[in-house]
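> Here it is: the structure, laid out below.
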Amino acid sequence: MKFFRPLLLSLVAAALVAPLTAQPKPAAKAVEPARIAFVNSSAFMDETAGIKQLVKAAQGLELEFSSTQSELSLLTEKLRTIVGELNKLNGDATANAKAIAEKQAAGQQLQQEIAGKQQTAQAAYNKRAQEVQAPITAEIGKELRAFGKARGVDVLVDAAKLGDALLDVKPELDLTADFVAYYNEQHK
């Protein structure tokens, strides 16, 4: 009887496992080939061959903030002058320690002023750029999708966002120039 127990257990186990291995495996889903193309959005800002609407907005921003940029350049030049005077004073053996300390304090104060103005200007620029360029970039995104769909493209990739991940691509897949021409024609 003890002999039949292991035999009976192995038969029961085989009977239970057999239906599991005999079940058909689900068929693999067939994947159709996809048409892939890319654009390079960094070319959209090219002054001669880019998206005119976007370039014009960027130029408007530069003009709008040119006085702030000029002010920062003047302050930076003033700081360079102070640094030059400090170097001159430090090289002079007869220089007054009080004069050196005053120049250093003036230089540090000017550095802090420049840093504060740069941060304020950067925040204002970023806010204004968002206001001016966001509607244009949203429209570009919408037009890109329509452009790709009209050409039967299943996957449209932005090469500018891939960086070094894009190793080798056929130049024929680059739709950047075609899209820029299309967009500029649509948005005169």
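> Provide the gained length on full extension for the span Glu185 to Asn96, in nm with one decimal, where the gain is 0.36 nm per separating residue minus the Cα-Cα distance.
Value of the extension gain: 25.2 nm.
> Under 1.5 on a/c is rounded, so check that first for the chain, then, if it is not, pick prolate when a/b is larger than b/c and oblate when it is not; a ≥ b ≥ c are the square roots of the alpha carbon gyration tensor eigenvalues.
oblate
> Taking the simple approach of a point 7 Å from Cα along Cα-to-Cβ for both Gln119 and Leu61, what is their distance in nm?
2.1
> Around Ala99, what is the net charge, scoring Lys/Arg as +1 and Asp/Glu as -1 over all other residues with Cβ under 14 Å from its Cβ?
It works out to a net charge of 0.
> Moving on to the next point. Provide the per-residue ³J(HN,Hα) series for the range 174-188, in order, calculated from phi with Karplus coefficients 6.51, -1.76, 1.60 and θ = phi - 60°, each as a whole number of Hz, with x at glycine and proline positions.
In residue order, the calculated couplings are 7, 9, 4, 4, 5, 5, 4, 4, 4, 5, 4, 5, 6, 10, 6 Hz.
> Here is a further query. Roughly how many Å² of Asp92 are accessible to a 1.4 Å probe, to the nearest 10?
70
> What accessible area per residue, rounded to a whole number of Å², is obtained for the chain using a probe radius of 1.4 Å?
76
> Could you pull the accessible area for Lys170 with a 1.4 Å probe, rounded to 10 Å²?
Lys170 exposes around 130 Å² with every protein chain in place.
> Search the structure for amide H atoms under 5 Å from the amide H of Val157, placed 1.01 Å from N in the peptide plane, and list their residues when 5 or more places away or on another chain.
Those lying under 5 Å, H to H, from Val157 are Ala37, Phe38, Val39.
> Is there a pair in Lys127/Lys161; Lys52/Lys117; Lys56/Lys149; Lys56/Lys188; Lys56/Lys161 whose C-alpha atoms are over 19 Å apart, and which pairs would that be?
Lys127/Lys161; Lys52/Lys117; Lys56/Lys149; Lys56/Lys161
> Got the relative contact order for the chain handy, in percent, Cα pairs under 8 Å and 6 or more residues apart?
In percent, rounded to a whole number, it is 44.
The values are calculated or read from the model by the stated rules, or taken from the named source; none is laboratory data. Since the structure is predicted, the reported quantities are computational estimates derived from the model, not experimental observations. Backbone-built Cβ (ideal geometry, glycine too); neighbour counts: all protein chains shown. These area figures cover heavy atoms from the full protein model, side chains too; ligands, DNA and RNA do not enter into them. Shrake-Rupley method; radii C 1.70, N 1.55, O 1.52, S 1.80 Å.
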